[in-house]
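K.L.:
Handing you this structure, nothing more for now.
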Amino acid sequence: MKNFLLVLIIIALQVSCKNDQKQTITEITPDHKEHAIDKNKEGKENITTSSIVKKDTDFAQEVENFIICNKAGTNRNDCRNSITKIISKTFGLTEFSDSKMGYVVYDSILPIAERSRNWLQLGTITQETIDQALAHANRGGLALIIDTAERYGHVVMIVPGETKKSLSWDMKLPNVLSLTNYKPEKSFSNKSLSYAMKKSDDLKIFIRQ
């Protein structure tokens, strides 16, 4: 009889321990998973917001400043760093700084972006890459389109907003900030990409991560 009671007590203890263990796992696991998800969300957020706009920039005024700079300039390079100056101040960047000129000239953007881990090349212009770049700009990020056909290829910045149908490109395009060095008076900040560039596979989209 004593042996039988002893066996019952042992069985009861084993069942109780298993229930406690199961309860402990059930209570701990959700918190653990939630913490892991939060960490992943934080990591993703860091990637998508690392080039958040630091300053409210009046791009229309910057276009005027660029035109005035070219009229008053006496040196070929006096205003060729205007686009790097604007994006550096707007987004708090230091990679385009230059000890002599303050900021590098616009044709230095491409080699810097190509070798930097901070930049992601989306590739040639398609509706998908355009939409990705504009979405990045609308989140406060920096997105550039660079003509890679030549060393001094034009550089424009995608402006936040919506795309509009372009008949010449047969696709929806965003507005851009375009500072035209060879004809400063044709610079603008509120017109379609089609006014700044001709459609070409040499046009590449870069976003600052």
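K.L.:
Can you name the residue in segment 106-128 that is touching a helix residue (DSSP H, G or I) at 6+ places or on another chain (Cβ under 7 Å) and outside any helix (DSSP H, G or I) and is also farthest from Asp201 (Cα to Cα) among such residues?
P.N.:
Filtering segment 106-128 for residues that are touching a helix residue (DSSP H, G or I) at 6+ places or on another chain (Cβ under 7 Å) and outside any helix (DSSP H, G or I), the one farthest from Asp201 (Cα to Cα) comes out as Trp119.
K.L.:
For segment 137-154, what are the residues that are closer than 18 Å to Ser189 by Cβ and open to solvent by 10 Å² or more (accessible area, probe 1.4 Å)?
P.N.:
The answer is Asn138, Gly140, His154.
K.L.:
So is Lys85 of a type in the set (Lys, Arg) and in contact with a strand residue (DSSP E or B) (Cβ under 6 Å, 6 or more places away or on another chain) or not?
P.N.:
For Lys85, the condition - of a type in the set (Lys, Arg) and in contact with a strand residue (DSSP E or B) (Cβ under 6 Å, 6 or more places away or on another chain) - is met.
K.L.:
Consider segment 139-187. How many of its residues are at pLDDT 95 or above and aromatic (Phe, Trp, Tyr)?
P.N.:
1
K.L.:
Quickly run through segment 158-187 and pick out the residues that are in contact with a strand residue (DSSP E or B) (Cβ under 7 Å, 6 or more places away or on another chain) and under 16 Å from Thr84 (Cα atoms).
P.N.:
Across segment 158-187, the qualifying residues are Ile158, Val159, Val176, Leu177, Ser178, Ser187.
K.L.:
Filter segment 189-209 down to residues that are in contact with a strand residue (DSSP E or B) (Cβ under 8 Å, 6 or more places away or on another chain) and within 10 Å of Ile125 (Cβ to Cβ), then give me how many there are.
P.N.:
8
K.L.:
So in segment 183-193, with the set limited to residues that are open to solvent by less than 40 Å² (accessible area, probe 1.4 Å) and not aliphatic (A, V, I, L, M), which one is nearest to Leu134 (Cα to Cα)?
P.N.:
Ser192
K.L.:
Would you check if Ile112 is open to solvent by less than 20 Å² (accessible area, probe 1.4 Å) and among the aliphatic types (A, V, I, L, M)?
P.N.:
So Ile112 does not fit the description; no.
K.L.:
Test Lys198 against the criterion of being more than 20 Å from the chain's Cα centre (by Cα) and either surrounded by fewer than 13 Cβ atoms within 10 Å (Cβ to Cβ) or among the aromatic types (Phe, Trp, Tyr) (or both), and give yes or no.
P.N.:
Considered against the rule, which asks whether it is more than 20 Å from the chain's Cα centre (by Cα) and either surrounded by fewer than 13 Cβ atoms within 10 Å (Cβ to Cβ) or among the aromatic types (Phe, Trp, Tyr) (or both), Lys198 comes out as yes.
K.L.:
Just checking, which of Thr84, Thr180, Thr90 is open to solvent by less than 30 Å² (accessible area, probe 1.4 Å), closer than 23 Å to Ala60 by Cα and in a loop (DSSP other than H, G, I, E, B)?
P.N.:
Exactly one of Thr84, Thr180, Thr90 is open to solvent by less than 30 Å² (accessible area, probe 1.4 Å), closer than 23 Å to Ala60 by Cα and in a loop (DSSP other than H, G, I, E, B), namely Thr180.
K.L.:
Can I ask one more? Of the residues in segment 129-170, how many are touching a residue at least 12 places away in the same chain (Cβ under 8 Å), assigned to a strand (DSSP E or B) and over 23 Å from Tyr106 (Cα atoms)?
P.N.:
Total meeting the criteria: 2.
K.L.:
Could you pull out the residue among Asp98, Asp20, Asp107, Asp58 that is within 30 Å of Thr148 (Cβ to Cβ), open to solvent by 80 Å² or more (accessible area, probe 1.4 Å) and either at pLDDT 50 or above or not polar (S, T, N, Q) (or both)?
P.N.:
Asp58
The values are calculated or read from the model by the stated rules, or taken from the named source; none is laboratory data. All figures in this text were calculated on a predicted structure; none of them were measured in a lab. When we count neighbours, we look across all protein chains shown, and the Cβ atoms used for this are built from the backbone with ideal geometry, even at glycine. Ligands, DNA and RNA are stripped out before the accessible areas are found, and what is left, the full protein with its side chains, is counted by its heavy atoms. Shrake-Rupley method; radii C 1.70, N 1.55, O 1.52, S 1.80 Å.
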